[in-house]
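**Q** Shown below is the structure under consideration.
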Amino acid sequence: MKEIVVSGIRPTGNLHLGNYFGAVKSFIQMQNDYNCYFFIADWHSLTTRPKPEDIVQSAHTILAEYLACGIDPEKATIYVQSDVKEVLELYLYLNMNAYLGEMERCTTFKEKARKQPENVNAGLLTYPTLMAADILQHKAVKVPVGKDQEQNMEMARKFARRFNTMYGVDFFPEPQNFSLSEKAVKIPGLDGSGKMGKSEGNCIYLMDDSETIRKKVMKAVTDAGPTAPNSPKPEVIENLFTFLDIVSTKDTYDFFNEKWNDCSIRYGDLKKQIAQDIAAFNEPIRERLMDYAANKPLLEKIARQGAEKARESAAQTVKEVREIIGFKG
Ligand code: TRP
């Protein structure tokens, strides 16, 4: 039996190279070795009042992007959170034993409350219980998450333990963090800021076409050039070489590295090469993405089948939880 892995995808914007070489690539590898449930966390997104017309649209876009990247619905279960209502019942049970004090102490809650003081709602407060329910409904043992989710994971383990202790059962496994940051390649920004990120506004998106990519890469920050042979590379130049490392061939990397070392490098050529190789990397993903985006019935079918599989697993868990709690039949 393969170990169960669950991860939620926050529906925020389009995927960029940083996402790809971070979480997405790990998901693609994990789907071969684990029984994976990946879902689009659209219920969680209600804490910040999205517009009705954006909700389905963004779930479909995200689904299409993950599929285009290589999440295979034959291997992993990919679904939309709001299609599997079983989680709500578990959310309710967990909330009955979640204490106001511990919820208020969560740093993510405190931060959100600070950011949107006009809308400190109960959904924000109980975000960790919904997240725990997402995980525990499938009795997951591993959860791939970034550093920012560690406290939420602590809470999920606490709720699992509390349920087990309270009813004297060994029912929920305690889900472990599956740290993404160790394996993931950190993709730098091209603007000299440390990392590629949406809030940094320096992203190359997987759906960017070659002209857009070229414009973005040509604007990359560089320096005046090496002044002595074999000198260490300053960060902005190292960043460019990181791109060569991930999207170009080894020969190309070595070629430019040599040019750096003998001080004959021309940044214009380097950037052209990087732009070309990123475009070549993106192209097949972009094509698949456009195929999916143009095929709504297929997306809907994949989402429906994913939801069915997820429901089967969730319904079994909730049925047993009801019995443990004392609801019969
Ligand atoms: N909180 C996660 C994030 O912000 C998203 C999420 C929701 C999640 N439910 C989850 C992640 C369950 C892992 C497991 O990124």
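The values are calculated or read from the model by the stated rules, or taken from the named source; none is laboratory data. What you see is a predicted model; the values in this text were computed from it and never measured. Here the Cβ positions follow ideal geometry from the backbone for every residue, glycine too, while neighbour counts run over all protein chains shown.
**Q** For region 23-60, what are the residues that are away from the ligand (no atom under 16 Å from the Cβ), more than 14 Å from the chain's Cα centre (by Cα) and polar (S, T, N, Q)?
**A** Pass one, region 23-60, residues away from the ligand (no atom under 16 Å from the Cβ): 25, 28-29, 32-33, 49, 51-54, 56-57, 60.
Applying the additional criterion that residues be more than 14 Å from the chain's Cα centre (by Cα) yields 32-33, 49, 51-54, 56-57, 60.
ASN32, GLN57, listed by residue number.
**Q** If PHE172 satisfies all but one of (1) assigned by TED's automatic domain parsing to the domain that holds ALA133; (2) over 24 Å from ALA98 (Cβ atoms), what's the number of the condition it fails?
**A** It fails just one condition, (2).
**Q** Please state which one of LYS142, LYS215, LYS147, LYS158 is more than 16 Å from the ligand (Cβ to nearest atom) and either under 30 Å from LYS85 (Cα atoms) or of a type outside the set (Asp, Glu) (or both).
**A** Exactly one of LYS142, LYS215, LYS147, LYS158 is more than 16 Å from the ligand (Cβ to nearest atom) and either under 30 Å from LYS85 (Cα atoms) or of a type outside the set (Asp, Glu) (or both), namely LYS215.
**Q** Another question about this same structure. Within region 194-228, count every residue that is more than 23 Å from the chain's Cα centre (by Cα), exposed (fewer than 15 other Cβ atoms within 10 Å of the Cβ) and in contact (Cβ under 8 Å) with a residue 60 or more places away in the chain.
**A** The number of residues fulfilling the criteria is 0.
**Q** Touching a residue at least 12 places away in the same chain (Cβ under 8 Å), of a type in the set (A, V, I, L, M, F, W, C) and more than 16 Å from the ligand (Cβ to nearest atom): is that true of LEU67 in this structure? Working first, answer last.
**A** Working: touching a residue at least 12 places away in the same chain (Cβ under 8 Å): yes; of a type in the set (A, V, I, L, M, F, W, C): yes; more than 16 Å from the ligand (Cβ to nearest atom): yes.
The answer is yes for LEU67.
**Q** For GLU118, which of the numbered conditions (1) away from the ligand (no atom under 12 Å from the Cβ); (2) within 18 Å of the chain's Cα centre (by Cα); (3) of a type in the set (D, E, K, R) fails to hold?
**A** Exception for GLU118: condition (2).
**Q** Of the numbered conditions (1) of a type outside the set (Gly, Ala, Ser); (2) over 17 Å from PHE281 (Cβ atoms); (3) touching a residue at least 24 places away in the same chain (Cβ under 8 Å), ASN257 satisfies every one except a single condition; which is it?
**A** (3)
**Q** If SER179 satisfies all but one of (1) within 13 Å of the ligand (Cβ to nearest atom); (2) over 17 Å from the mean Cα position of the chain (by Cα), what's the number of the condition it fails?
**A** With respect to (1) within 13 Å of the ligand (Cβ to nearest atom); (2) over 17 Å from the mean Cα position of the chain (by Cα), SER179 is out only on (2).
**Q** State whether one or more residues within region 114-122 are aliphatic (A, V, I, L, M) and surrounded by 19 or more Cβ atoms within 10 Å (Cβ to Cβ).
**A** no
**Q** Just to verify a result, which residue in region 150-188, among those that are touching an Asp or Glu at 6+ places or on another chain (Cβ under 9 Å) and charged (D, E, K, R), is surrounded by the most Cβ atoms within 10 Å (Cβ to Cβ)?
**A** Only one residue fits best here, namely ARG157.
**Q** Let me ask something else about it. Assuming ASP191 fulfils every condition listed in (1) farther than 16 Å from LEU94 by Cβ; (2) within 13 Å of the ligand (Cβ to nearest atom); (3) surrounded by 15 or more Cβ atoms within 10 Å (Cβ to Cβ) apart from one, which condition is it?
**A** For ASP191, the failing item is (2).
**Q** Shifting gears a bit: Please verify whether GLY8 is among the small types (Gly, Ala, Ser) and within 13 Å of the ligand (Cβ to nearest atom), treating the condition exactly as stated. Let's see the steps before the verdict.
**A** Details: among the small types (Gly, Ala, Ser): yes; within 13 Å of the ligand (Cβ to nearest atom): yes.
Against the criterion (among the small types (Gly, Ala, Ser) and within 13 Å of the ligand (Cβ to nearest atom)), GLY8 qualifies.
**Q** Also, I was wondering about something else. Based on this model, can you work out whether LYS328 counts as within 25 Å of TYR93 (Cα to Cα), part of a helix (DSSP H, G or I) and charged (D, E, K, R)? Break it down into steps so the answer makes sense when it comes.
**A** On the way: within 25 Å of TYR93 (Cα to Cα): yes; part of a helix (DSSP H, G or I): no; charged (D, E, K, R): yes.
Taking the combined requirement at face value, the residue does not satisfy it.
**Q** Need the failing condition index for PRO73 against (1) within 16 Å of the ligand (Cβ to nearest atom); (2) within 22 Å of the chain's Cα centre (by Cα), just the number.
**A** Among (1) within 16 Å of the ligand (Cβ to nearest atom); (2) within 22 Å of the chain's Cα centre (by Cα), the lone unmet condition for PRO73 is (1).
**Q** Pairs only if they're at least six apart or on different chains, beta carbon under 7 angstrom, first in region 121-149 and assigned to a loop (DSSP other than H, G, I, E, B), second near the ligand (Cβ under 10 Å from one of its atoms); list them, first residue then second.
**A** Filtered contacts from region 121-149: GLN137/VAL87; HIS138/VAL6; HIS138/TYR37; ALA140/VAL5; ALA140/VAL6; ALA140/PRO175; VAL141/PRO175.
**Q** What tally of residues in region 89-110 results from selecting those that are within 16 Å of the ligand (Cβ to nearest atom) and either aliphatic (A, V, I, L, M) or more than 21 Å from ARG157 (Cβ to Cβ) (or both)? Don't jump to the end; show me each part of the working.
**A** The initial filter retains those residues of region 89-110 that are within 16 Å of the ligand (Cβ to nearest atom), namely 90-91, 94-95, 98, 103, 106-110.
Restricting the remaining residues to those that are either aliphatic (A, V, I, L, M) or more than 21 Å from ARG157 (Cβ to Cβ) (or both) gives 90, 94, 98, 103.
Of the residues in region 89-110, 4 are within 16 Å of the ligand (Cβ to nearest atom) and either aliphatic (A, V, I, L, M) or more than 21 Å from ARG157 (Cβ to Cβ) (or both).
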